[in-house]
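Scroll down for the structure; my scribbles are underneath it.
Throughout, read-outs are computed from the coordinates displayed, never taken from laboratory work. Being a predicted model, the structure only gives us computed values, none of them experimental. With ideal geometry, Cβ positions are generated from the backbone for all residues, glycine too; neighbour counts draw on all protein chains shown.
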Amino acid sequence: MGQVTVSNLGKAYKQYTSRWSRLREWLMPFAGACHTNKWVLQDINFTIQPGEAVGIVGVNGAGKSTLLKLITGTTQPTTGSAQVTGRLAALLELGMGFHPDFTGRQNAIMSGHLLGMTSEEIAQRMPEIEAFAEIGEYIDAPVRVYSSGMQMRLAFSVATAKRPDILIVDEALSVGDSYFQHKSFDRIREFGQQGTTLLVVSHDKTAIQSICNRAILLDGGRVGKEGAPDVVMDYYNALLAERGNKTVRQLVDDQGRAQTVSGSGEAAIEDVGIFNEQGERLEVVNVGQPIQLNVDVLAKQALNELVVGYVIKDRFGQAVYGTNTHHLDDKVGAIDAGARLRYRFRFPANLGVGSYSISVALHREDSHIVHNYEWRDLAVVFSVINVDKSNFVGVSWLPPQMECKR
């Protein structure tokens, strides 16, 4: 079984004022350092237990790729250590290790050897590698003529031809087509069910939340947040909107749920809830029942524009449906300070049985990323039950009209 233990890990790169200062340090090592350290990672600590699936998230430049290189051993740490037990397979940079003048088959053989497979194992698994990659006759063509997607297909097929103890996947999978992404994530999930330890780096919130049972946010080269994927991804989403003024905070509600709230505070959500046709607040909803989402807003400052949006999420934090008044072409213009508004969104609860939450946002233009007044996750939590509909599975109720001709 694979385990990853990262202890006080740090990575710094030397920065010289000129090439002559670099030469001087080489020739006269006892004369003192002529460089400064640029820290990419500092004080990183975490342990990934065997069979656990962990997602690494963070903005570009946060140190995600450097962390993976340190774990795989392709880069050496400046401080601390990264210990790995078990057979490791990693997909870091696209086509890493492929020689452009060799054929796909030749590169697959070399990569297989680097992964610790014998020549007999590679020969035995080559038909499966070819079948999974689905690149046809290109398997015997030079890799230099491959598209990025074809390189990804072959690299992933080789790396996962034999189930590893630890599988590390960087953003490389994002270049593949939709069909291969589905196919790849199915194999990743299958490995996870069989006990493989997974470490996934992705900006794809759905991928992190559907595959991982824990997530780690890197922020400025340090661990900014660690915990359940939905909590970490909500926090990360808020950070993206608030990188300028850092108004992100996490509250704990009466039921112990972590609720991410962010925004400039120019407008605030005073109350939010879902109601039936009689105006009664709901916590339990029947499949297909007409409901109304009420959002009460207070403008704390004069606003040039106000857009209100919401996202319905399933219990894994994955978006089921979302929209806002900008996309509904119903924007509100200038608003005076102190004004109060109530927004009503009416829709049928065409949802599957389960637990759901609603996130609400107040902002300008088409997205809260542009100018966020307030973003509130878990603003509403409710359950959907099936009282009078035929049995079905999934998160959406899409009753068909069926006919059969003989």
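With an 8 Å cut-off on Cα pairs and a minimum separation of 6 or more residues, tell me the relative contact order of the stretch 31-156 in percent. Could you put the intermediate results ahead of the total?
Details: 86 pairs, mean separation 27.6, N = 126.
About 22 percent, as a whole number.
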Amide H neighbours of Asn372 under 5 Å, counting only residues 5+ apart in sequence or on other chains, H built in-plane at 1.01 Å? Ser264
Specify the residue with the greatest mean-square fluctuation among Glu137, Glu128, Glu365, computed from a Gaussian network of the chain linking alpha-carbon atoms under 10 Å apart. Glu137
In debye, nearest 20: dipole of the chain around its Cα centre with unit charges on the Cβ of K, R (+) and D, E (-)? 980
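Rounded, prolate or oblate for the chain? Axes are the square roots of the Cα gyration tensor eigenvalues, ordered a ≥ b ≥ c, and the cut-off for rounded is a/c under 1.5. Write out the running numbers ahead of the final one.
On the way: a/c = 2.34, a/b = 1.40, b/c = 1.68.
Cα axes put the chain in the oblate bin.
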Under 12 Å Cα to Cα from Lys183, which aspartates and glutamates show up? Leave out anything in the same chain fewer than 8 places away. Glu134
Output the pairs from Lys38/Lys225; Lys38/Lys313; Lys331/Lys389; Lys205/Lys331; Lys64/Lys331 with a Cα-Cα distance over 32 Å in this structure; if there are none, say none. Lys38/Lys313; Lys331/Lys389; Lys64/Lys331
Charge-dipole axis of the chain as Lys and Arg at +1 and Asp and Glu at -1 on Cβ define it, positive-most pick from Ala159, Thr260, Val272: Ala159
